[in-house]
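> This is the structure, below, for whatever I ask next.
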Amino acid sequence: MTDVATRGAPARPGLLGRAAPALLGYAAVRALGLAVLALWSAARGKSGHTLLTARWDALWYARIAEGGYGYEVRLPTGDVHSDLAFFPLLPWLERLGAAVSPLSYADVGFLVSLCGSFAAAWGIFAVTEHLYGRRAGVCAVVLWAALPVGIVQSMAYSESLFTALAAWSLYAVLTGRWVSAGALAALAGLTRPVGLAVAAAVWAAAYAANGRTGSGGGPDGVPGPERAPGDGARRALALLLAPLGAAGYVLWVGHRTGAGPLGYLDVQAGWRNGFDGGLAFARFVGGRFTSFPSALAGAALVAGVGLVVWLYALCLRRRQPPPLLVYAGIVTALALCASGYFGSKPRLLLPAFPLLLPPAVALAGLRTSRSAPVLGGLALVAAGYGAFWLNGSGPP
């Protein structure tokens, strides 16, 4: 009877098939953003393609891809902007793509970002569906696409590539694929300095797994990874692999500069970027309230930080699995508490997708006739803001 029932049951679609609505929604939101950017840029006599591929950090990545490391700019203030601040995975991929295709380094960077953004969307869906169901997964992906700074997902930057590696590493630890989780964390560590957050998430997951017995579920009924023979050895290998990318690059920079293991911090200091617990950012926000209308910008910054903190508090209250809490907490802390590049902080928060899971679950509980207008409205706002942002003077 069981065999007959099993044969008669419809086959469950694979993960990609289940993610199809989310990926279609993601494509629609990003296409809208790119279309608005193209129109806005044309109206201002600018090239949307150039804004996406050949400005700000994209130029640094393309230069590394073309000539390797060693370029720096010495400013009149005495600061030294070195390309050693940029982690190597994206330039490596740009060099590889340019070697096997007629595309320029910048265009390969755009293609990597485009593919990475869809891989990230798929990974975000996989994590969210595993924890809260398919409908919540679709909402989480569309929310991520419709963030005000979502246009960065389509730039020749490393955020999309990093988020893809982080999301799939987190999905791997949630489903007990320890070696894959460690390998993906190592690659994430070669992509951005915050890659250590992914390694920390793998370590947190291993610690939590050691505290479980049997194949018990996670918090609030969230399914935990199945335990299998040899699981301990695979966890140990994941713990070894996870930090190798970030640690390897940081140690290489220290060796190259002759400054020892902490030489990368000196490189970041040349960009006036460091970790001060948020004091410099607090002074920056406070300075907005000295005049009008800059006080409006200050109020918006305070509201934005408050929203981020509130979302993380919701993640804690709803007992997200430890690896997600550790990952999102570190990404958020590093973004908000860095001492430089205040205008880039929204972009630095882009990989912190677990913050979107509480609102995604809430939207999933609504009827489509109510959730669709909310998501559509956010997509329109994101498209307009992204075009305005990239056509401004400062880097995103």
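The values are calculated or read from the model by the stated rules, or taken from the named source; none is laboratory data. Everything quoted here is computed from the prediction, not taken from an experiment. Here the Cβ positions follow ideal geometry from the backbone for every residue, glycine too, while neighbour counts run over all protein chains shown.
> Out of the residues in region 156-170 meeting the condition of being more than 9 Å from the chain's Cα centre (by Cα) and not in a loop (DSSP other than H, G, I, E, B), tell me which one is nearest to residue 122 (Cα to Cα).
Filtering first and then ranking leaves 168.
> Could you say which residue among 395, 321, 351, 373 is more than 23 Å from residue 173 (Cα to Cα) and at pLDDT 95 or above?
Of the residues listed, the single one that is more than 23 Å from residue 173 (Cα to Cα) and at pLDDT 95 or above is 373.
> If residue 340 satisfies all but one of (1) assigned to a loop (DSSP other than H, G, I, E, B); (2) without any contact (Cβ under 8 Å) to a residue 60 or more places away in the chain; (3) under 29 Å from residue 57 (Cβ atoms), what's the number of the condition it fails?
(2)
> Return the residue satisfying two criteria in turn: it lies in region 358-374 and is surrounded by fewer than 18 Cβ atoms within 10 Å (Cβ to Cβ) and assigned to a helix (DSSP H, G or I), and of such residues it is farthest from the chain's Cα centre (by Cα).
Checked region 358-374; the qualifying residue farthest from the chain's Cα centre (by Cα) is 369.
> Mind telling me which of the residues 264, 312, 249, 327 ends up being surrounded by 15 or more Cβ atoms within 10 Å (Cβ to Cβ), in contact with a Gly (Cβ under 8 Å, 6 or more places away or on another chain) and within 30 Å of residue 359 (Cα to Cα)?
312
> Checking residue 129 against (1) within 20 Å of the chain's Cα centre (by Cα); (2) within 19 Å of residue 155 (Cα to Cα): exactly one of these is not met. Which one?
For residue 129, the exception is condition (2).
> Let me ask you something else. So residue 38 clears everything in (1) of a type in the set (Gly, Ala, Ser); (2) at pLDDT 95 or above; (3) exposed (fewer than 14 other Cβ atoms within 10 Å of the Cβ) except one condition, right? Which one?
Looking at each condition in turn, residue 38 falls short on (3).
> Spot the failing condition for residue 277; the list is (1) closer than 21 Å to residue 192 by Cβ; (2) surrounded by fewer than 13 Cβ atoms within 10 Å (Cβ to Cβ); (3) at pLDDT 90 or above; (4) not hydroxyl-bearing (Ser, Thr, Tyr), and only one is missed.
Residue 277 satisfies all of (1) closer than 21 Å to residue 192 by Cβ; (2) surrounded by fewer than 13 Cβ atoms within 10 Å (Cβ to Cβ); (3) at pLDDT 90 or above; (4) not hydroxyl-bearing (Ser, Thr, Tyr) except (3).
> Still on this model: Are there any pairs, at least 6 apart or on different chains, whose C-beta atoms fall under 7 Å, with the first in region 65-85 and without any contact (Cβ under 8 Å) to a residue 40 or more places away in the chain and under 17 Å from residue 253 (Cα atoms) and the second of a type in the set (Phe, Trp, Tyr) and not in a loop (DSSP other than H, G, I, E, B), and if so, which?
Between residues of region 65-85 that are without any contact (Cβ under 8 Å) to a residue 40 or more places away in the chain and under 17 Å from residue 253 (Cα atoms) and residues that are of a type in the set (Phe, Trp, Tyr) and not in a loop (DSSP other than H, G, I, E, B), the close pairs are 83/60.
> Show the residue pairs that are 6+ apart or on different chains and have beta-carbon atoms under 6 Å apart, the first residue being within region 293-307 and without any contact (Cβ under 8 Å) to a residue 24 or more places away in the chain, the second being in a helix (DSSP H, G or I) and of a type in the set (A, V, I, L, M).
So the pair list comes out as 298/285; 301/285.
> Would you confirm, using the coordinates I've provided, whether residue 288 is farther than 30 Å from residue 72 by Cα and not in a helix (DSSP H, G or I)?
So residue 288 does not fit the description; no.
> May I ask you to say which residue of 154, 82 is on the phi < 0 side of the Ramachandran plot, buried (at least 20 other Cβ atoms within 10 Å of the Cβ), in contact with a Leu (Cβ under 7 Å, 6 or more places away or on another chain) and at pLDDT 95 or above?
Result: 154 is the single residue among 154, 82 that is on the phi < 0 side of the Ramachandran plot, buried (at least 20 other Cβ atoms within 10 Å of the Cβ), in contact with a Leu (Cβ under 7 Å, 6 or more places away or on another chain) and at pLDDT 95 or above.
Residue-wise test of (1) charged (D, E, K, R); (2) touching a residue at least 60 places away in the same chain (Cβ under 8 Å); (3) surrounded by fewer than 22 Cβ atoms within 10 Å (Cβ to Cβ).
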{"site": "96", "(1), (2), (3)": "no, no, yes"}
{"site": "116", "(1), (2), (3)": "no, no, no"}
{"site": "124", "(1), (2), (3)": "no, yes, no"}
{"site": "145", "(1), (2), (3)": "no, yes, no"}
{"site": "150", "(1), (2), (3)": "no, yes, no"}
{"site": "181", "(1), (2), (3)": "no, yes, no"}
{"site": "189", "(1), (2), (3)": "no, yes, no"}
{"site": "192", "(1), (2), (3)": "yes, yes, no"}
{"site": "197", "(1), (2), (3)": "no, yes, no"}
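> Consider region 241-274. How many of its residues are aliphatic (A, V, I, L, M), within 30 Å of residue 206 (Cα to Cα) and either under 23 Å from the mean Cα position of the chain (by Cα) or not in a helix (DSSP H, G or I) (or both)?
Going through region 241-274 one residue at a time, the tally reaches 8.
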